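Novice: First the structure, then my questions, so here it is.
The values are calculated or read from the model by the stated rules, or taken from the named source; none is laboratory data. Nothing here was measured: the structure is a model prediction, and the numbers come from that model. Quick reminder, even Gly has a Cβ in these numbers, built from the backbone with ideal geometry, and neighbours come from all protein chains shown. When the accessible area is computed, the model is the full protein with side chains, heavy atoms only, and any ligands, DNA or RNA have been set aside. Shrake-Rupley method; radii C 1.70, N 1.55, O 1.52, S 1.80 Å.
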Amino acid sequence: EASSYTTFRWCIDVLQAVEVDMILLENVDISEEGGETSNIHLILEALKEVGFACKCYKLIASDFALPQRRIRLFILGYNMNKHLHVNFDRIDQYLELCRISALKPDAFLLPDDDPAVAKELNRRLSQRNKMDTKEDKKKKNTDVDSKDTS
């Protein structure tokens, strides 16, 4: 079994054992290909079977002023035993307000050719080279020690 499936099954088991008001699951975007056999459909059906009204949100972090461009999938779910009416429209409105007021990363991130970016990259490269040199020396010493005992 795939680790993602195992993790999700564990989540379902926990939701059956522990009564919570709401859930928020997050992951990378999931393909919707396959209709009723798509992973997202199967996930939403499994959550519905354990008593949750859910809605998926595909969000791009950079739309909310976070320095990442990846699409993330959020599943927001309410326990139907505790919430008779769930108003996802209100949540949609709040998300849209946050999206509109957020700055794009280009407004606060330095461009790739900025001297400060080059300096930081060089610092990291130098640090990596020092670590590699230490590991090479350690490996040589280990090789020498093993030859001595032969």
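Novice: Among the residues of segment 131-150 satisfying the criterion of being open to solvent by less than 100 Å² (accessible area, probe 1.4 Å) and either more than 36 Å from the chain's Cα centre (by Cα) or among the basic types (K, R) (or both), which is modelled with the lowest pLDDT?
Specialist: Of the residues in segment 131-150, the ones open to solvent by less than 100 Å² (accessible area, probe 1.4 Å) are 132-133, 136, 141-146.
Filter once more, keeping what is either more than 36 Å from the chain's Cα centre (by Cα) or among the basic types (K, R) (or both): 141-146.
On the way: N141: 74, T142: 71, D143: 67, V144: 60, D145: 64, S146: 64.
Among those that are open to solvent by less than 100 Å² (accessible area, probe 1.4 Å) and either more than 36 Å from the chain's Cα centre (by Cα) or among the basic types (K, R) (or both), it is V144.
Novice: If you don't mind, another one. What number goes with the only condition from (1) touching a residue at least 40 places away in the same chain (Cβ under 8 Å); (2) over 27 Å from V20 (Cα atoms) that L73 does not pass?
Specialist: If we test L73 against (1) touching a residue at least 40 places away in the same chain (Cβ under 8 Å); (2) over 27 Å from V20 (Cα atoms), just (2) comes out false.
Novice: Here's a check for you: in segment 58-107, which residue that is aromatic (F, W, Y) and under 22 Å from V14 (Cα atoms) is least open to solvent (accessible area, probe 1.4 Å)? Write out each step before concluding.
Specialist: We begin by selecting, within segment 58-107, every residue aromatic (F, W, Y); these are 64, 74, 78, 88, 94.
Right, trim to under 22 Å from V14 (Cα atoms) and you get 74, 78.
On the way: F74: 56, Y78: 40 Å².
If we take residues in segment 58-107 being aromatic (F, W, Y) and under 22 Å from V14 (Cα atoms), then Y78 is least open to solvent (accessible area, probe 1.4 Å).
Novice: Here's something else I'd like to know. Quick check on my filter: what residues within segment 45-57 are in a helix (DSSP H, G or I) and surrounded by fewer than 18 Cβ atoms within 10 Å (Cβ to Cβ)? Quick ask: steps written out before the conclusion?
Specialist: Restricting attention to segment 45-57, the residues satisfying the condition of being in a helix (DSSP H, G or I) are 45-49.
Correct list: E45, A46, K48, E49.
Novice: Restricting the first residue to segment 39-64 and requiring it to be within 22 Å of N87 (Cβ to Cβ) and of a type in the set (K, R), which pairs with a second residue that is open to solvent by less than 60 Å² (accessible area, probe 1.4 Å) and assigned to a helix (DSSP H, G or I) meet a Cβ separation below 6 Å and a spacing of at least six or different chains?
Specialist: Short answer, once both residue conditions are applied: K55/F88.
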